[in-house]
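Below is one structure, written out as structure tokens; the observations come after it.
Throughout, read-outs are computed from the coordinates displayed, never taken from laboratory work. Quick caveat, the model's predicted, so the values are computed rather than measured. Note that each Cβ is placed from the backbone with ideal geometry, even for glycine, and that neighbours are counted across all protein chains shown.
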Protein chains: 2
Amino acid sequence: MKNRNTQNITMKDVADYAGVSTASVSRVLTGKDSVTPELRQRVENAIRELGYRPNRAARELRIGVVLKIGVVLSDIQNPFFTSCLAGAESILQNSEYELLLGNSNEKPEIEKLHLSSFVNEGVAGIILAMTGPNQDIYRKIIELEIPIVAIDRELPFVSVDTITIDNIKAARMATEHLVSLGHKRIAFIGGPNQISTSEHRLQGYREVLTAHDLSIDPTLIVDGKFQQTGGRKAMEQLLDLPDPPTSVLIANNLMTLGALQVIHQRNVIIPDQLALIGFDDTPWNIAMQTPLTVVAQPTYQLGEYAAKLLIERIKNPDLPRQKIMLEAELIIRESCGFKKHNPAV
Amino acid sequence: MKNRNTQNITMKDVADYAGVSTASVSRVLTGKDSVTPELRQRVENAIRELGYRPNRAARELRIGVVLKIGVVLSDIQNPFFTSCLAGAESILQNSEYELLLGNSNEKPEIEKLHLSSFVNEGVAGIILAMTGPNQDIYRKIIELEIPIVAIDRELPFVSVDTITIDNIKAARMATEHLVSLGHKRIAFIGGPNQISTSEHRLQGYREVLTAHDLSIDPTLIVDGKFQQTGGRKAMEQLLDLPDPPTSVLIANNLMTLGALQVIHQRNVIIPDQLALIGFDDTPWNIAMQTPLTVVAQPTYQLGEYAAKLLIERIKNPDLPRQKIMLEAELIIRESCGFKKHNPAV
DNA sequence: GTGAAAGCGCTAACAA
DNA sequence: TTGTTAGCGCTTTCAC
């Protein structure tokens, strides 16, 4: 016999129906204290029959803990972050925590707004892909001892659990590949220098050039601001150089798209006239006329790890702080000169 | 003088500090009842000085309302949905509701899990991009009178607020464009027929062909399952036809990517050998060697409208049910034969 | 092992 | 206008 308005069934109702106290119902539900199998059975029946659904607010109020995790992303429309988000969501889905989402849209003020509201709410933890340096609020979070894990980008001036890609190594691999192909004029389109990700990628690039006694030409290093338009402008600038590069490493997926746009407009042939390596293994890479060689980042796992680590940290605040680095992988396709598939295949 | 552990400041503390009752503090906070400016001032000071942050759980428990909105998306990694999500988030950001995210990942069972948990939680409302037909739970939601708005895809067999694109018209526009360019063999790569979106797009396509006395060739209509692999297979199938089409309309962005993959592998020239129209104005469309002509859907607004409508409905449950259709727009670029930019520009 | 009862922080009747 | 107070649904002592 199904109940109609399951809305207002409380623990009291269940207790009455089962002929026990609310304390016993609670015990069955939380499973912490022991109860006789017989009582458990009766309670479970009552719960089913009445269609009882526990009230989360009451529970949170009573135990003094907010069972929510706030995720603040710098750009919810970038496949990199949505993949992270999907990873984190998959973990949270099977936890007792809910996923509260905030999109800062690359605007530091909005990031601040979201973080403040999460802090005010008293969320159990925060996953943050930083946008702008909001030192004050980062500090506040740490001071209040709200567990936080930074993904992809390290937080400046504060020390928190961090999960990133080994960006130095990633850039090294890519640059190394270009060098091994004989390139001497290798350009680099990077992001804002305050962001650890871009700094590290640039560093990896420089290291390899230096290691191979290749000169580092500052005109070949340009900031694309991690955005599509920026990538476009950067590539224009490079192509306008009196002595343009023979290859380019582009530090994120959106900039790569922007760069590709001008490459096609100017009928530059990839890889013959320009070899190209991008970042992120996005769905469109293989759909390009010349499939893109890229540094693939384990984005989904990045999100998974972040969620797992956060949950661990919530449970055990005294855990030593962790900096986890995930390895990227170079996926070689055709944009650096690899042979194109036989059309007949 | 800043307070350290702002964690445990309650309304009682504020009341004491300001020398008023908790009721007065509550009045100042909710702003419903009137209070003298002088009292308000004192309370606001106290709140600031003590760093008071209201306890959401207590509030929700007391008022018997859950200030959360659950968003269940069928694919959190598809730019179409993330754009919707961004739109919804932008509205919710300025509301009293939090955004709870669930990703069904195109799996009906997971969609069901998320919906159940949102229902059990008693969320104030739900935004759903349907994946699988979970009739039972849709019915339950309606029965429990939890406001729900369906986006992009209509829910089968139940009647709820719905916000979609005018898919019939969108497909008509695209097909019309192809016909006007002189195409007679126009192929269509669509999605699963249980989903309203694919049905309507197919319908629009057929209507135009019929209107122009063009025969509808069933071998030219193939199901790409709305996925990249599906798009690939579909395009292979079309290209393998003894009399392949001269143009193709592809009903979503992922399938377009898949199709492009085989088009490039087989060195088919766009638009000379095959004209192509896709759906969704994604960031990569303009980065293709031949920029893609597409039906651009107002995805961000779709999300915005959904959130707005949902909030409206929560406030006023007796509102008549609404089916809102947003207009799509044909963005003509080069994949149908438009002249490519002068490289010098 | 089980029940009675207190109380988490807040809002809304009701009084004053 | 303001204060007093009950109680939202739950968990957790504290008795038994």
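Just a few scattered comments:
- Other protein chain Cβ atoms within 10 Å, averaged over every residue that makes up B:90-103: 4
- On Cα atoms only, tilt of B:167-180 relative to the major axis of chain B in degrees: 30
- Mean ellipticity per residue at 222 nm, deg cm²/dmol - from DSSP H runs of n ≥ 4 across chain A, formula -39500 (n - 2.57): -13500 deg cm²/dmol
- Anisotropy class of region B:1-121 from Cα gyration tensor, a/c 1.5 cut: prolate
- 18 Å Cα-Cα threshold exceeded, pairs from A:K315/B:K112; B:K169/B:K323; A:K68/B:K140; A:K32/A:K315; A:K107/A:K308; B:K107/B:K225: A:K315/B:K112; A:K68/B:K140; A:K107/A:K308
- Sorted from nearest, the other copies put their A:S180 label points 5.2 nm away, the label point being 7 Å from Cα in the direction of Cβ.
- Of B:E121, B:E312, B:E44, the one that fluctuates the most in a GNM where chain B has Cα springs shorter than 10 Å: B:E44
- Remark: relative contact order (chain B) = 16 percent; criterion is Cα-Cα distance under 8 angstrom and separation of 6 or more residues.
- Nearest-first distances (nm) between copies at B:E96, label 7 Å from Cα via Cβ: 2.8
- Tilt relative to chain B, helix B:196-211 - C-alpha long axis, 0 to 90 degrees, to 10: 40
- C-alpha long axis of helix A:299-315 to longest principal axis of chain A, angle in °: 40
- For B:L326, the shell of other residues with beta-carbons less than 13 Å away shows a net charge of -2, using +1 for Lys and Arg and -1 for Asp and Glu.
- Cα centroid separation, region A:157-171 to region B:281-296 (Å): 33
- Prolate/oblate/rounded call for region A:38-85, Cα gyration tensor, a/c under 1.5 rounded: prolate
- Per residue of A:276-284, other chain Cβ atoms within 10 Å of the residue Cβ number 3 on average.
- Spin-label model, B:K32 to A:Q273: label points 7 Å out along the Cα-to-beta-carbon direction sit 6.9 nm apart.
- For region B:232-255, the residues whose amide N sits under 15 Å from a probe point set 7 Å from the Cα of B:L214 along the beta carbon direction are B:244-251.
- Within chain B, the ratio Rg/Rh, alpha carbon atoms throughout and Rh by Kirkwood, equals 1.13.
- Cα gyration tensor shape for the protein assembly as shown, rounded if a/c is under 1.5, else prolate or oblate: oblate
- If a spin label sat at a point 7 angstrom from the Cα of A:D136 along the line to its beta carbon, the backbone N atoms of region A:87-115 nearer than 17 Å would be those of A:108-115.
- Neighbour-count ranking [beta-carbon atoms within 10 angstrom, fewest first] of B:R40, B:R48, A:R139: B:R48, A:R139, B:R40
- Residue mean of other protein chain beta carbons inside 10 Å, A:285-292: 6
- Within the shell defined by Cβ-Cβ distances under 13 Å, the residues around B:T164 carry a net charge of -2, with Lys and Arg each +1 and Asp and Glu each -1.
- Residue among B:L319, B:L260, B:L128 with the largest mean-square fluctuation in a Gaussian network model of chain B, springs linking Cα atoms under 10 Å: B:L319
- Over 24 Å [Cα-Cα, region A:59-218], rounded percent: 43
- Using a 7 Å Cα-to-Cβ projection, B:G64 label spacings across copies, nm, ascending: 2.9
- Whole-Å semi-axes of region A:222-266's equivalent ellipsoid (Cα gyration tensor): 16, 11, 9
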